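The values are calculated or read from the model by the stated rules, or taken from the named source; none is laboratory data. Small disclaimer: the values here were computed from a predicted structure and weren't measured. Cβ placement follows ideal geometry from the backbone for every residue including glycine, while neighbour counts extend to all protein chains displayed. Quick note on the areas: whole protein, heavy atoms, side chains included, nothing else; ligands and nucleic acids left out. Shrake-Rupley method; radii C 1.70, N 1.55, O 1.52, S 1.80 Å.
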Amino acid sequence: PHRPTLSPLPREPSPCPALEMARASFTRLGAAAALAAVAACSAAEASELCREAPSVHERARSYYQCDRQCRWYVGGGTDAVTGPHFFDRRIIGKEVTPSILKPLDTKCCCYNETSSGTESLDVGEPVVPAFSTKSFQTESTWSGAGETGFDCKFVCTEAQGGALVTMDRDEADRSGAKKLHCGNCSICSAVDDIVVLSGTRKWITEAMTKVGSKFAAPWGYGFDNVTHLQEALVQIGFNMSTAPKGRDLPSCMDCWTDNIMCDAAQCKAKCWTKFFDPTQTKACIECDERTCGPEFIKCAGANRRSAGIVSDIARPKKQECTAGLYTGVPEADLPSFPKPPKNHRVDFMETAVHQAEAIVV
């Protein structure tokens, strides 16, 4: 009987010629040569990963992690030192996986949003890490890790008319300048924002954890809705300034919500219990300070420690700034805001529904 001849199924052309080499190499030269060919293909494709700029939705899905990473590293930044574009909100990024052989080694493609469009800042394969630990900038911020740091010689002062001026502490003492906090002036250095730090000192850690967890939890109200996150913080009494401090610069509230999103991106494994119980844990605090703390204090400048405020988190004596706005002020004389009632609720579910509808549309 006649037996029909079966033709092989046509093979889709490979987007990378190296893959064709890999198929041939596997049979002729073995697995090592095939893997080398795949690696060559990955490198070739990696250079194309950054061609297209990300949408806002793409960036939001990773809690804008690559926006923050690009701002830290672009222009010469390292794990130890920030680059020159740290405060520039025009710098954005997207997370990519350059090599199929290293699926966990994710990188950030970086871009600059200009008036004429979004331009890629990568030449060839992206190099900025999507996740990393960073060092505190102890020479310019009131910060540190372990036994090191918390010895910055600069203070932020308020001049006549409200202008913020960074001065050497000895010079500030001699001139009688109004000292606001230890470390350089930055985005949250204004008196109005420091007053909020004092007013919420007894309860903000737990309250902010509740709000932040509602944002970051898998059942939360949506990673796209940073505006709602900021509104929720204002509703509980944490009303940091929301106006940008200048063209293409962040607001003080941006510094705080960036920190919440950084924790969501980098510390979920250490902080997952906060989705159910807002009580802080040692592991969660340490993760925040190791991965997100350097970014936050660089952005904000002022926090409770640097402003001389004793907070609801116990800290070693060495870490207390002795030149802050509230250093030595009796507890009874500090601004104090009422704690949000336990039944205080932001309508997260309604927002989640609207957000889901927006994503579907």
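Site pair Ser175 and Lys339 shows an inter-label distance of 4.2 nm when each label is modelled 7 Å from Cα along Cα→Cβ. Taking a ≥ b ≥ c as the square roots of the eigenvalues of the Cα gyration tensor, the range 94-154 is classed as oblate, since a/c reaches at least 1.5 and a/b does not exceed b/c. Contact order, relative form, for the range 104-208: 17 percent (alpha carbon pairs under 8 Å, 6 or more residues apart, mean separation divided by residue count). Under the simplified labelling scheme, the Thr118-Ala269 pair shows an inter-label distance of 2.9 nm, with each label point 7 Å from Cα along Cα→Cβ. Given R0 = 41 Å, the distance between the Cβ atoms of Thr148 and Val329 translates into a calculated FRET efficiency of 0.90.
Extension gain, Arg90 to Thr133: 0.36 nm times the residue separation minus the Cα-Cα distance gives 13.2 nm.
May I ask you to give the percent of accessible area on the range 124-189 that is carbon plus sulfur, with a probe radius of 1.4 Å? Walk me through the numbers on the way to the answer.
On the way: 1550 of 3170 Å².
Its accessible area is 49 percent carbon and sulfur atoms.
State, as an integer percentage, the relative contact order of the range 185-272 based on alpha-carbon contacts under 8 Å between residues 6 or more apart. Reported as a whole number, the value is 30 percent. Modelled spin-label separation between Lys102 and Val191, with each label point placed 7 Å from Cα along the Cα-to-Cβ direction: 5.2 nm.
Which value, in Å², gives the accessible area per residue of the range 168-320 when a 1.4 Å probe is used on the protein heavy atoms?
Working: 6330 Å² over 153 residues.
Computed with neighbouring chains in place, this is 41 Å² per residue.
Residues whose amide H comes within less than 5 Å of that of Asp122, counting only those at least five positions distant or on another chain, are Cys110 (H built at 1.01 Å from N in the peptide plane).
Computed over the range 156-297, the Cα gyration tensor eigenvalues convert (square root of 5λ each) into semi-axes of 31, 16, 14 Å, ordered from largest to smallest. Return the subset of Lys179/Lys268; Lys214/Lys245; Lys318/Lys342; Lys153/Lys339 for which the Cα-Cα distance in this structure is over 31 Å, preserving the input order. Beyond 31 Å between Cα atoms: Lys179/Lys268; Lys318/Lys342; Lys153/Lys339. Taking packing as the residue-averaged number of other Cβ atoms within 10 angstrom, the listed peptides 253-261, 114-122, 235-243 run from highest to lowest as 253-261, 235-243, 114-122.
Listed highest first by mean packing, meaning other Cβ atoms within 10 Å per residue, what order do 81-90, 137-146, 161-170 come in?
Numbers: 81-90: 17.1, 137-146: 19.7, 161-170: 12.9.
Output ranking for 81-90, 137-146, 161-170: 137-146, 81-90, 161-170.
From Cα pairs below 8 angstrom and at least 6 apart in sequence, can you work out the relative contact order of the range 34-186, rounded to a whole percent?
Values: 293 pairs, mean separation 26.8, N = 153.
Relative contact order comes out at 18 percent.
Prolate is the label for the range 43-159, because a/c, from the alpha-carbon gyration tensor with a ≥ b ≥ c as root eigenvalues, is 1.5 or above and a/b exceeds b/c.
In plain terms, the chain from Glu286 to Arg247 could stretch by 10.7 nm, reckoned as 0.36 nm per residue minus the Cα-Cα distance.
Taking all protein chains together, Thr281, Thr106 sort by accessible area into Thr281, Thr106, largest first [probe 1.4 Å].
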